[in-house]
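Down below is the structure, laid out as structure tokens.
The values are calculated or read from the model by the stated rules, or taken from the named source; none is laboratory data. Computed from a predicted structure; not experimentally measured. Backbone-built Cβ (ideal geometry, glycine too); neighbour counts: all protein chains shown. We work out accessible area using only protein heavy atoms, side chains counted, and drop any ligands, DNA or RNA first. Shrake-Rupley method; radii C 1.70, N 1.55, O 1.52, S 1.80 Å.
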Amino acid sequence: MSLSKRYDPKVVEPKWIKKWEQEGTYKFNPKSKKPIYSVDTPPPTVSGRMHMGHASSYTQQDVIVRYKRMKGYEVFYPFGTDDNGLATERLVEKLNNVKGSKMDRNEFIKLCIKTLKEIKPEFIQDWKNIGMSCDFSIMYSTIDDHCRRISQRSFIELYKMGREYQMEAPTIWCPTCETAIAQVELEDKELESEFVNVKFKLEDGSDLIIATTRPEMLPACVAIFAHPDDKRYKKLFGKKAKVPLFNQEVPIIPDEHADPEKGTGIVMCCTFGDQTDIEWYKAHKLPLRIVITKDGFMNENAGKYKGLKIKDARKKIIKDLESKDLITERKKITHTVNVHERCGTEIEILESKQWFIKYLDLKDVFLKLGRKIKWYPEYMRVRYENWIKGLRWDWCISRQRFFGVPFPVWYCKKCGEIKLAEIKDLPVDPLTDKPKTKCKCGSNEFEPEKDVLDTWATSALTPKLAVELMDKSLWDKLYPMDMRPNAHDIITFWLFNTVVKSYLHDKTLPWKEVIISGHMQDPHGRKMSKSKGNVIAPQDVIKKYSVDALRYFVTNVSLGEDYPYKEQELIRGTKLMNKLWNAARFIEMHKEKGNESKETIADKCIINELNKVIKKATKYLDKNDYSNAKKGIINFFWGELADYYIEMIKYRLYGDNDASRNAAIKTLKKVYLDILKMIGIYMPFITEEIYRELYNKNESLHNQLWPKGGKVEKELEDAWALLKDIISKGRQYKLSKQLSQASEIEKAEITGPLEKLEALKEVIKGTLRIKEIVLKEGKELKVNFK
């Protein structure tokens with residue numbers, strides 16, 4: 001079978017996806033004697049289909065992994081799915097047109113598991129379709145028994161260390177998702193609002209003007225604060241003011257956290273409007289007055305506004321304040337508010353009983369650990385450090401949801417004692433399972449914990465989730481892992497939390513290096529989103545172009561960079577594929593005759609140039625700089641091999657000197673093979689198809705060793721540059737005379753370094769089809785054609 005006239009990715013790509021799986025091309029061999037390179041593969045969230053961000057970041061990591069495999073490592077590259085979070089819960093509700101909160105919990109969990117079983121094969125196929133070289137037989141799901149066991153074990157271990165605690169406390173709350181959330185799940189969003197200047201009444205009957213953006217929090221007001229040095233309000237400290245509409249009297253207190261420049265310089269403290277309110281509440285032992293329900297409505301403490309949604313209550317309260325002449329000014333503003341990153345809802349702070357991991361005392365430790373990790377790019381470490389420096393809350397790990405990893409906890413009905421599951425019994429579900437032993441007080445009646453663990457509390461264990469799928473004898477070889485790929489927007493979520501868990505459990509880093517990917521934007525540089533209607537699906541791009549063209553495009557940019565979608569780059573990738581294919585067909589046409597082989601200077605030069613590009617690409621890839629490595633490889637293929645060397649050997653291939661012809665074919669095949677190996681990590685499908693046809697039908701290109709670059713000789717570099725210069729002048733001459741490049745030139749007079757020109761004479765003569773060449777000694781290169 002020979003290479004077809006045209007390359008058809010629609011046939012070739014699905015063929016190799018299937019064949020690589022059948023042949024176990026990327027299978028991890030636990031018995032291998034090679035050094036292991038282990039990867040903490042990001043488990044994508046099962047919440048729909050693969051998007052462009054996935055296609056981009058997973059391809060970038062895959063290029064690095066393929067390089068490591070060809071460098072002689074036994075690659076441990078598992079695959080997992082993150083399917084115990086809110087996103088999956090919402091997807092199940094959407095697909096089945098149900099609401100989890102309205103269903104029996106066990107029935108909803110069963111529905112989630114059934115739905116995941118149905119949709120996951122197609123979901124995972126998207127990752128196989130982009131050429132991911134994972135071992136898909138090493139697979140975990142963050143909701144399976146294996147992962148729940150490890151996650152629950154982590155909880156028990158940290159509890160016994162004294163690192164976990166449960167308390168009734170102000171908690172960040174999402175009214176839409178009806179659950180507590182962690183600080184890491186907050187997102188800043190610019191929203192339009194207004195400062196409303198409201199009249200409070202002082203004890204002497206005079207007005208005290210306070211500016212607020214949240215008049216609906218007036219019923220929750222428990223104190224008023226001003227800066228102790230603010231001369232405007234010094235005389236009021238120790239006195240009281242009456243809250244408009246609701247009439248509760250609250251104390252006026254000095255505190256340095258009050259900002260004299262903000263609003264009117266005096267501020268109401270509500271339980272709770274923001275983090276400062278919490279600090280004041282704790283520091284001044286203020287009373288608690290919650291006015292918002294967990295699902296985002298006003299409660300009985302809001303009086304006649306009970307039952308209204310938060311924003312409706314705001315409008316109604318403003319209207320009532322105006323009707324009573326209690327507003328002096330309304331001013332439109334745009335300000336930054338915290339929203340839940342999952343649903344975009346403005347968060348509230350409610351008092352509720354939650355589980356926390358204590359880690360604020362370890363901020364300096366985490367900063368030091370971050371400096372021990374190799375960051376690619378290095379500047380991304382700043383995001384990690386800024387996050388740690390800004391931490392103000394311990395990690396809230398409980399969620400009021402239905403689908404997730406349950407806490408392995410019961411509470412004694414008699415004495416309230418916490419009862420933990422035994423590690424040997426994990427995983428457990430306290431709703432259906434019972435403790436195996438009695439409480440210390442002798443009672444055997446227990447109340448199950450109904451909350452589930454934050455999904456990040458499980459995702460932060462991905463190194464363990466993957467490594468513990470293997471035999472225990474391998475664990476120390478696989479962990480700490482070598483590399484963690486991570487998108488820049490979840491450095492604070494996944495990366496930081498994994499460092500936390502790894503340190504708390506093992507006093508070690510989870511990996512040696514992290515590679516941080518950026519985001520793909522729309523063609524205008526805007527974030528892709530369904531609401532903007534600018535989402536480009538990778539499945540559509542693959543259908544129109546190919547996987548290899550997509551992989552070519554997304555590896556043009558360096559790690560960490562956000563970049564716009566560019567159709568022309570997919571076209572460039574397709575042109576490269578066509579050129580590779582045509583070069584392969586050209587090689588296939590020419591067979592060696594006999595055993596004699598005689599190199600020319602051109603053969604030595606192209607090998608020298610190849611050595612140079614191998615060394616450069618290797619140096620870049622050793623630093624995970626795949627984009628600069630690729631530029632060099634592709635420039636060599638187009639600029640040196642295709643544009644010059646192949647043209648230089650045509651006269652030999654079609655001539656009658658078998659020794660020269662054989663040398664040209666051998667050199668071309670050697671150079672082209674090394675190009676296939678190097679381009680193969682970026683474009684695995686077309687390179688595999690060519691390799692199997694031209695070189696070895698029985699082995700994958702992707703399990704071959706990375707080419708080694710030999711010595712680069714300066715003399716040969718100079719000779720190649722001189723040779724290209726003369727040939728380029730010959731081509732320009734033919735163009736200027738409107739001659740075809742195949743036409744002959746009667747005579748050429750070339751002045752320059754005579755000894756070097758003598759060595760190049762035959763190649764120049766054959767390539768440009770010159771009948772007679774006259775060489776002359778001279779300092780500068782001069783070429784005259786006749």
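With K and R counted +1 and D and E -1, the other residues having a Cβ less than 9 Å from that of residue 352 yield a net charge of 0.
A simple spin-label model places pseudo-atoms 7 Å from Cα toward Cβ; at residue 316 and residue 423 they are separated by 5.5 nm.
Largest accessible area first, the residues 429, 622 order themselves as 622, 429 under a 1.4 Å probe with ligands, DNA and RNA left out.
By a 1.4 Å probe calculation restricted to protein chains, residue 508 has an accessible surface near 40 Å², given to the nearest 10. Report, to the nearest 10°, how far helix 145-160 tilts away from the longest principal axis of the Cα atoms in the chain, using its own Cα long axis and a range of 0 to 90°. Helix 145-160 sits roughly 50 degrees off the main axis of the chain.
Close amide H contacts of residue 519 (hydrogens built in the peptide plane, cut-off under 5 Å, sequence separation of 5 or more or a different chain): 562, 563. Cys residues of the chain that find no other Cys beta carbon under 4.7 Å: 112, 134, 147, 221, 269, 270, 343, 396, 605.
Both radii were evaluated on the Cα set of the range 39-138; the Rg over Rh quotient, with Rh as the Kirkwood radius, amounts to 1.08. The listed residues 614, 36 rank as 36, 614 when sorted by accessible area, largest first, using a 1.4 Å probe. Counted by Cβ distance under 11 Å from residue 678, the other residues give a net charge of +3, where Lys and Arg count +1 and Asp and Glu count -1. Taken along its three principal axes, the alpha carbon spread of the range 79-203 comes to 74, 41, 35 Å, from the longest extent down to the shortest. Scalar couplings 3J(HN,Hα) for the range 556-569, obtained by applying the Karplus form with A = 6.51, B = -1.76, C = 1.60 to θ = phi - 60°, are 6, 9, 7, 4, x, 8, 7, 8, x, 5, 10, 4, 5, 6 Hz; x denotes Gly and Pro.
Placing +1 on each Lys and Arg Cβ and -1 on each Asp and Glu Cβ, with no other charges, gives the range 74-181 a dipole about its Cα centre of roughly 240 debye.
Loop-resident trypsin sites (Lys or Arg not before Pro) (DSSP state other than H, G, I, E or B) in the range 617-725 with no more than 15 further Cβ atoms inside 10 Å of their Cβ: 623, 697, 708, 711.
Dividing the summed helix terms, -39500 (n - 2.57) for each DSSP H run of n ≥ 4, by the number of residues in the chain produces a 222 nm estimate of -12500 deg cm²/dmol to the nearest 500.
A full extension of the chain between residue 231 and residue 190 corresponds to an added length of 11.5 nm, given 0.36 nm per residue minus the alpha carbon distance.
Going down the list 282/414; 579/669; 612/776, which pairs span over 26 Å between their C-alpha atoms?
282/414; 612/776
Exposure check, 1.4 Å probe, all protein chains in place: residue 16 carries approximately 10 Å² of accessible surface. Sparse packing (at most 12 other Cβ atoms within 10 Å of the Cβ) combined with a DSSP loop state is found for the following GluC sites (Glu not before Pro) in the range 165-267: 203, 256, 261. Dipole size of the range 231-285 about its Cα centre, with +1 on Lys/Arg Cβ and -1 on Asp/Glu Cβ: approximately 440 debye, rounded to the nearest 20.
Summing charges over neighbours of residue 516, with a neighbour being any other residue whose Cβ is under 15 Å away from its Cβ, gives -2 when K and R count +1 and D and E count -1. The dipole here belongs to the range 54-114: it is taken about the Cα centre, uses +1 on the Cβ of Lys and Arg and -1 on the Cβ of Asp and Glu, and is about 100 debye.
By a 1.4 Å probe calculation restricted to protein chains, residue 613 has an accessible surface near 10 Å², given to the nearest 10.
Note on residue 782: lysines with a C-alpha under 27 Å away, same-chain residues under 8 apart excluded, are 604, 650, 714, 724, 729, 734, 737, 747, 756, 761, 765, 771. How many percent of DSSP beta bridges within the chain run antiparallel, rounded to 5? If we restrict to bridges inside the chain, about 65 percent are antiparallel. The largest accessible area among 468, 417 belongs to the first residue in 417, 468, and the rest follow in falling order (1.4 Å probe, all chains).
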